[in-house]
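Before any comments, here is the structure.
Values quoted throughout were computed directly from the atomic coordinates according to the rules given, and no laboratory measurement underlies them. Computed from a predicted structure; not experimentally measured. Here the Cβ positions follow ideal geometry from the backbone for every residue, glycine too, while neighbour counts run over all protein chains shown.
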Amino acid sequence: QEVLRDISKAMEEEHLHLVYQPKVKGATTEFVGVEALLRWDHPELGPISPAVFVPFLESDGRMGEVTDWIIHKVCRQIHDWDAQGVHIPQVAINIPGEYVTEPHLLDVLWKETDAFRIEPSRIELEITETSTAKSITLAMTALKRFKRYGFAVALDDFGTGVSSLSYLQQLPITTLKIDKSFTDVVPASPKECAVLNAILNIGQSMDLKIVIEGVETLEQVEFLLDLQPDLIFQGYYFARPMAVDQLVKWVDKSD
Ligand code: G
Ligand code: G
Ligand code: MN
Ligand code: NA
C-alpha cells in the first residue's frame, strides 16, 4: 500500500531502474540482444525484487503505467547506444499479462519507437504463456498487430503454462523462451529431457528462435548445443543482468 504510493515517485527519482542481461547464440556465442529487467532500490527498504513488487503492482492495475515508462526508457537507451556506436541488436521488454491486449500498449510502442527512430524489429515483446491463454481471441488480435508493425514477440516462461501445441501453432510469435525449470535438469537422461527435446523440435520446425533461460554451467551449454546448434542462451554462465556502464564494457569485450 505504502509501496504503491511510492512507485510514481520511484519512477521520477530514478529509484526504479533497468538492468540488461545479454543473450548469445550458438557455439560462437554471438551477441544477439538483451532482456531489460526492472530493479527497485527503495530509499528505506533497500532493493526490492520484481518477483515481489511486479505481481503487487499488477493486481493494483499499475503495471501498465510502469511498462509505458520502461518502453520510453528502453527506446531512449537504444537511441543513445546507437549514437555512441554501441551495437545492441535487440532489446526484450516484459509485458504484463493484463496489458498485452490493451490498445494503449501499441500506441506507446509506436510513439516511442517513432520518436527515437528505432526499427520496431529491435524491440522484442516478452509475453507469458499464461497471459495469452486467458482469451485466445483477444491475444491473437494483439499479437497480429504487433507483428504487422514489425515488433518481435517471444513467448516467455514457455513450458510452464497449459497451452496446447495446436494453440502454439496459431500464435504469430517469433521466439520461444524455454523456462529455467527445463534448464535446471540438464544434463539429463533422454527420458528426463524428453519434453525439452519435443519443444526444441517443434520450435525448430515452426522456424522460431529458441532462447534457453537460466544457463549456469558449461555442461548445460554443451549438452544443449548438442541437441540443437543454433540455440540462444541467457543465463549467469554468460552474463548477469547488468547496469548500462557494465553492459557497454561487456559488449566491447565480446566483439
Ligand atoms: O530479474 P529477476 O529474476 O529478479 O525477475 C524476477 C521476476 O520479475 C521475473 O518473473 C521477471 O519476468 C519479472 N520482471 C523483471 N523485470 C520485469 C519487467 O520489467 N516487467 C515485468 N512485467 N516483469 C519483470
Ligand atoms: O520471468 P522472466 O523469464 O522474465 O525472468 C527472467 C529472470 O531470470 C531474470 O530476472 C534474471 O534475473 C533471472 N535469471 C537470468 N539468468 C539466470 C540464471 O542463470 N540463474 C538464475 N537463478 N536466474 C537467472
Ligand atoms: Mn522475461
Ligand atoms: Na522467463
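General remarks:
- Note on Leu225 and His79: with the Förster distance fixed at 41 Å, the Cβ-Cβ geometry gives a FRET efficiency of about 0.75.
- In terms of surrounding Cβ atoms within a 10 Å radius of their Cβ, Lys25, Lys209 rank from fewest to most as Lys25, Lys209.
- Against the main long axis of the alpha-carbon atoms of the chain, helix 194-205 sits at an angle near 80°.
- Greater than 25 Å apart at Cα, pairs in Lys25/Lys111; Lys147/Lys177; Lys144/Lys191; Lys73/Lys134: Lys25/Lys111; Lys144/Lys191; Lys73/Lys134
- Net dipole in debye of the chain [+1 Lys, Arg Cβ; -1 Asp, Glu Cβ; about Cα centre; nearest 20]: 640 debye
- Extent of the chain along its three principal axes (Cα atoms, max minus min coordinate, largest first): 51, 45, 37 Å.
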